[in-house]
Amino acid sequence: MIIDGSKRYFHSAARNLFRIDSAAAEHYTSSGHGQSDSLDRFLSWFIPELVKEAANSKQKLVSPKRFKIKYTLTVKPGEVPKGETIRAWMPYPREDMDSQSDIKLISTSCPHYIISPDNFAHKSIYMEAPSEGDKPTTFEYEFQYNSYAQVPQFNADDIVPYDTTSAIYKEFTSQRAPHIVFSERIRLTADSLTHNIDNPYLKAKRIYEWINSNFPWASAREYSTIENIPEYVLDNKHGDCGQVSLLFITMTRAAGIPAKWQSGWMLHPGNKNLHGLG
């Protein structure tokens with residue numbers, strides 16, 4: 001891409017070739033590079049265990065784990081003139097979610113801070129400090145909380161009709177430009193996939209399976225460089241977790257099924273990462 005007059009290359013483009021091209025992927029695997037990563041190995045064991053635990057206990061929330069998190073944000077030297085105030089908003093766990101509980105703030109690098117209430121769209125902890133000019137400015141806090149795995153247990157027959165007049169239904173089945181847009185291609189594809197299916201759960205499942213089977217995971221370039229992310233996925237036939245989630249959200253909404261974006265930290269033994277899903 002030409003950005004500000006300079007030619008720029010996406011750093012993961014070469015690796016992506018071995019993810020999205022079947023012939024290249026076979027070569028990558030046969031040369032010994034395509035071994036499962038730690039997340040694949042962990043989930044192949046952990047997910048069946050969670051499903052078994054949920055079935056035996058008849059509970060949706062299972063396998064609680066106690067996490068202790070230290071979050072650090074550092075502003076590099078020279079980024080902000082010395083003496084000017086640097087304001088930082090950093091993610092903080094919500095207390096109004098069944099899947100997490102007993103949240104305890106242990107320490108902060110700034111004695112004065114603000115934690116937003118749960119009725120805000122984004123839960124965060126706010127700190128501010130003057131820039132030190134040629135020195136880094138660091139914000140840090142530590143907290144603990146319990147996190148539960150969620151294993152929904154229901155059948156397609158358990159689904160009841162939507163109240164299509166409700167505000168929440170209208171909000172989560174509407175378009176939201178620039179990315180959640182019901183283009184003709186989106187509408188036609190959603191309609192063709194869900195033709196002759198009346199149950200909303202089965203419709204969503206059909207859309208999910210189609211996306212999962214046809215759009216392999218690949219590293220994504222900066223989202224702000226993409227005009228419409230679902231259309232980008234359809235054009236390029238691949239996407240990362242957030243990109244395919246936006247395609248799923250857009251297609252399900254076009255089919256009259258409420259859907260929303262959710263993202264957060266993905267923590268598992270040996271690794272941590274960001275993750276987005278619909």
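The values are calculated or read from the model by the stated rules, or taken from the named source; none is laboratory data. Computed from a predicted structure; not experimentally measured. Here Cβ is always computed from backbone atoms with ideal geometry, including for glycine, and neighbour counts include all displayed protein chains. Areas reflect the complete protein model, heavy atoms only, side chains present, ligands, DNA and RNA absent. Shrake-Rupley method; radii C 1.70, N 1.55, O 1.52, S 1.80 Å.
A few notes on this one:
- Residue within the range 243-261 that is modelled with pLDDT under 95, closer than 29 Å to PHE18 by Cα and either assigned to a loop (DSSP other than H, G, I, E, B) or in contact with a strand residue (DSSP E or B) (Cβ under 7 Å, 6 or more places away or on another chain) (or both) present: yes
- Which numbered condition TRP210 fails, given (1) over 20 Å from the mean Cα position of the chain (by Cα); (2) open to solvent by 40 Å² or more (accessible area, probe 1.4 Å): (1)
Here is a yes/no grid of residues against (1) over 19 Å from the mean Cα position of the chain (by Cα); (2) open to solvent by 50 Å² or more (accessible area, probe 1.4 Å); (3) aromatic (Phe, Trp, Tyr):
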| site | (1), (2), (3) |
| --- | --- |
| TYR145 | yes, no, yes |
| ALA190 | yes, no, no |
| THR194 | yes, no, no |
| LEU202 | yes, yes, no |
| PHE215 | no, no, yes |
| ILE226 | no, no, no |
| ASP235 | yes, yes, no |
| ASP240 | no, no, no |
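- Looking across the range 163-188, the residues that are over 22 Å from the mean Cα position of the chain (by Cα) and hydrophobic (A, V, I, L, M, F, W, C) come down to ALA167, LEU188.
- Among residues of the range 213-232 being in contact (Cβ under 8 Å) with a residue 12 or more places away in the chain and out of contact with any helix residue (DSSP H, G or I) (no Cβ under 8 Å at 6 or more places or on another chain), the one that is farthest from LYS7 (Cα to Cα) is ASN214.
- Against the criterion of being over 17 Å from the mean Cα position of the chain (by Cα), among the hydrophobic types (A, V, I, L, M, F, W, C) and either open to solvent by 60 Å² or more (accessible area, probe 1.4 Å) or farther than 26 Å from TYR92 by Cβ (or both), ILE257 qualifies.
- Residue count for the range 178-188 under the criterion of being surrounded by 12 or more Cβ atoms within 10 Å (Cβ to Cβ) and more than 18 Å from ILE226 (Cα to Cα): the result is 1.
- Restricting the range 111-127 to residues that are in a loop (DSSP other than H, G, I, E, B) and open to solvent by less than 30 Å² (accessible area, probe 1.4 Å) leaves a set whose member that is nearest to ILE69 (Cα to Cα) is LYS123.
- Scanning the range 147-173 for residues that are open to solvent by less than 40 Å² (accessible area, probe 1.4 Å) and farther than 30 Å from LYS70 by Cβ yields ALA156, SER166, TYR169, THR173.
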